[in-house]
Amino acid sequence: MLENLIDAVIMTLLIAAAMYFFVKVIRVKFKVLLKAKPEVRWDRVPDRIETVLRYAFGQKKMFKENPAGIMHAFIFWGFLVLLVRSMSLMGRAYDGGVWEGTWALFWFWPSLDHLYSWLKDWTEIVVLLMVVYAFFRRLVLRPERLTFSGSALMILGFIGGLMITDFLYDAGRFAANVNPEVMIESAHSPIGSMVAGWLAGLPVGALKGISVVCFWTHIVILLLFLNELPRSKHFHVITAIPNVFFSKLEARGAIKPILDIEEQESFGVNSAAELTWKQIVDGYTCTECGRCTVNCPAFQSGKPLSPKKLINDVRDHVKRHEDELLGNKEPEDGAPTLIDDVGEEVVWSCTTCRSCEENCPVMINHVDKIVDMRRYLMLMEGKANPEVNTAMKNFENKSNPWGLASGERGEWCKELGVPLISEKEGGAEYLLFLGCFAAYDDRNQKVAKAVIKLLQKAGVDFAILGAEEQCCGDPSRRLGNEYLFQIQAQTNIETFNSYGVKKVLTACPHCFNALKNEYPQFDGDYEVIHHTTFLMQLIKDGKLDVPAGEVEERVTFHDSCYLGRYNDIYDAPRDILRTLGIEPREIERSRVNGMCCGAGGGLMFREEGEGERMNQARLKQLKEVDPDMVASACPFCLVMLRDGVNELGWEDEVKTKDVAELLAERLAL
């Protein structure tokens with residue numbers, strides 16, 4: 001009885017001490033979140049639960065990378081299984097004692113407890129093997145994306161220590177044949193019983209010493225582990241599941257608007273106090289795995305942006321300013337701002353391609369933070385390089401980035417007999433939204449002409465706005481000029497509504513994304529269709545009869561970020577190619593893993609100052625399958641790919657075309 005009482009006292013003291021220090025740290029972090037700007041993330045609870053089951057517990061994103069992803073997934077699942085064991089061990093200090101106790105969390109259901117004992121043993125073996133591989137990977141393989149961390153090695157040591165001490169705790173008790181209940185437990189613990197066989201023959205006193213020491217070592221490791229989490233990057237062990245629950249459920253392509261923009265006194269983010277609580281939790285949740293960084297086109301091409309470092313810099317900035325957020329000290333004059341800590345050129349290097357977010361296993365949002373910082377630079381300080389400033393002035397004055405006459409927008413369509421919606425009595429079933437590139441750029445006018453001829457061939461009822469069309473606003477919003485974006489969007493919405501527009505067709509993924517996902521923020525709700533989806537449907541409906549033909553050219557398809565990762569349209573353009581008898585040659589970085597051409601995020605209008613040009617880096621990837629032609633479905637991508645071909649001197653080797661052009665050529669239009 002005295003021994004059992006001592007066990008209970010020691011356990012109580014250890015738990016009390018551990019919880020004191022844990023709560024002390026966690027309390028500060030919660031107070032910081034309560035001081036942060038509000039953000040609604042409590043809606044759509046069933047969808048959020050489904051997201052948690054799929055991405056947090058199901059570890060869906062981890063299986064995109066092997067074997068490291070599998071290793072992390074099994075460690076996570078093992079940790080969940082073994083939480084039951086840890087609670088059972090703590091309970092034994094209060095019921096039966098460390099040496100003789102058999103209390104288990106499933107005490108009320110012996111069959112389930114026996115099954116759990118069997119599962120627990122095999123799980124610990126799997127986790128131990130994964131820990132060994134993790135040590136090998138960090139110390140020997142040392143992948144570039146991982147930051148060397150003593151804390152990470154310590155945590156791995158803790159996890160391995162928990163497995164080993166649990167086996168030895170069981171083994172000592174089983175080998176000593178303590179009592180019948182312990183032996184029943186041993187019958188359902190295959191690994192513990194095997195280790196007990198290795199210890200057979202030792203004196204009972206030695207076995208008890210091994211078992212008791214390993215028990216308390218296990219508990220101490222567990223409580224140290226608990227307290228290390230909020231003090232290091234491993235805070236994600238606590239915050240990952242909540243962060244997934246509170247993840248962004250709106251359209252991936254929609255940037256959060258600034259509400260009541262006319263009444264706002266400040267715009268964007270340049271301090272810890274201007275971050276929302278969810279943006280701060282993102283920083284707490286970063287695992288520093290580097291998946292975002294190695295898939296970032298800016299980082300891959302030698303730009304200063306590392307998405308992992310950006311999130312860590314935001315997190316560290318918040319940490320340094322905790323006392324100011326909590327009102328414990330006044331802000332220091334001249335102290336580095338958030339953008340100072342992140343780096344201005346880092347903020348301007350992002351193409352907003354979302355590859356970072358697609359590859360983040362804990363659903364961190366990088367792009368919205370970057371756009372918020374751009375909003376501060378653009379709207380509060382008027383900071384942007386000369387090319388961006390020129391484009392902004394042209395958008396403001398002429399609603400196109402080149403400053404060309406707005407009255408000439410789509411003027412070339414007259415020669416094809418395309419009606420203006422203002423001249424079409426009763427309107428049209430579809431509004432063909434040209435976008436700036438199709439309206440003014442010679443190369444993309446060829447694509448638009450192909451689309452128009454295909455629509456006319458299929459008998460589609462459509463019209464254009466002509467001079468009444470404004471830029472969709474995508475570049476303005478992503479460059480940080482939210483004020484200009486909202487003017488452009490609201491002007492277009494008013495025009496659409498005045499003509500009773502219900503369906504909008506566009507050949508530009510950037511226009512497509514803005515009209516489909518962002519205009520609803522301003523009550524602009526329309527059925528928006530990308531030209532590849534629409535043309536493929538016309539083929540299926542028999543409205544475009546594609547004659548058979550042989551294709552000798554080797555073709556690969558480049559996925560637009562705003563069509564693919566933003567809107568999940570991967571198959572339609574490829575299906576059009578297959579209809580033409582072309583089986584596109586896929587490269588490793590295709591579909592959801594495709595690399596940006598470098599034009600997104602408004603960077604089409606900003607010169608790349610450092611490293612390799614992104615369009616050239618992308619073309620080198622596409623060249624891996626030795627294509628004669630690179631097909632695309634985006635005017636931004638088409639310009640970047642064409643320019644890259646010319647810059648690399650591949651004009652005689654590789655052609656670049658939109659899939660609509662290939663379809664129109666087959667139909668001799």
* To do: For residue 262, indicate whether it is over 23 Å from the mean Cα position of the chain (by Cα), farther than 21 Å from residue 239 by Cβ, surrounded by 14 or more Cβ atoms within 10 Å (Cβ to Cβ) and acidic (Asp, Glu).
  => no
* **Selection status of residue 244, under 23 Å from residue 484 (Cβ atoms), crowded, with 20+ Cβ neighbours inside 10 Å and either at pLDDT below 95 or of a type in the set (A, V, I, L, M, F, W, C) (or both)** => no
* Test: residue in the stretch 271-292 that is of a type outside the set (A, V, I, L, M, F, W, C), under 15 Å from residue 370 (Cβ atoms), in contact with a Gly (Cβ under 9 Å, 6 or more places away or on another chain) and not assigned by TED's automatic domain parsing to the domain that holds residue 613 -> yes
* How about the stretch 192-215: which of its residues are aromatic (Phe, Trp, Tyr) and crowded, with 18+ Cβ neighbours inside 10 Å? -> 215
* the stretch 53-69 residues that are outside the structural domain of residue 287 (by TED's automatic domain parsing) and at pLDDT 90 or above, paired with ones that are surrounded by 13 or more Cβ atoms within 10 Å (Cβ to Cβ) and part of a helix (DSSP H, G or I) (beta carbon under 7 Å, 6 or more apart) -> 54/60; 55/61; 55/244; 56/240; 56/241; 56/244
* Residue within the stretch 124-131 that is assigned to a helix (DSSP H, G or I), under 17 Å from residue 85 (Cα atoms), assigned by TED's automatic domain parsing to the domain that holds residue 86 and not hydrophobic (A, V, I, L, M, F, W, C) present -> yes
* To do: Of all residues in the stretch 386-433, count the ones that are of a type in the set (S, T, N, Q), touching a helix residue (DSSP H, G or I) at 6+ places or on another chain (Cβ under 6 Å) and closer than 20 Å to residue 482 by Cα.
  => 2
* Asked: Take the residues of the stretch 508-565 that are in a helix (DSSP H, G or I), of a type in the set (A, V, I, L, M) and touching a Cys at 6+ places or on another chain (Cβ under 8 Å): which is farthest from residue 255 (Cα to Cα)?
  -> 515
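The values are calculated or read from the model by the stated rules, or taken from the named source; none is laboratory data. Only a predicted model underlies this, so the values are computations on that prediction, with no experimental measurement involved. Backbone-built Cβ (ideal geometry, glycine too); neighbour counts: all protein chains shown.
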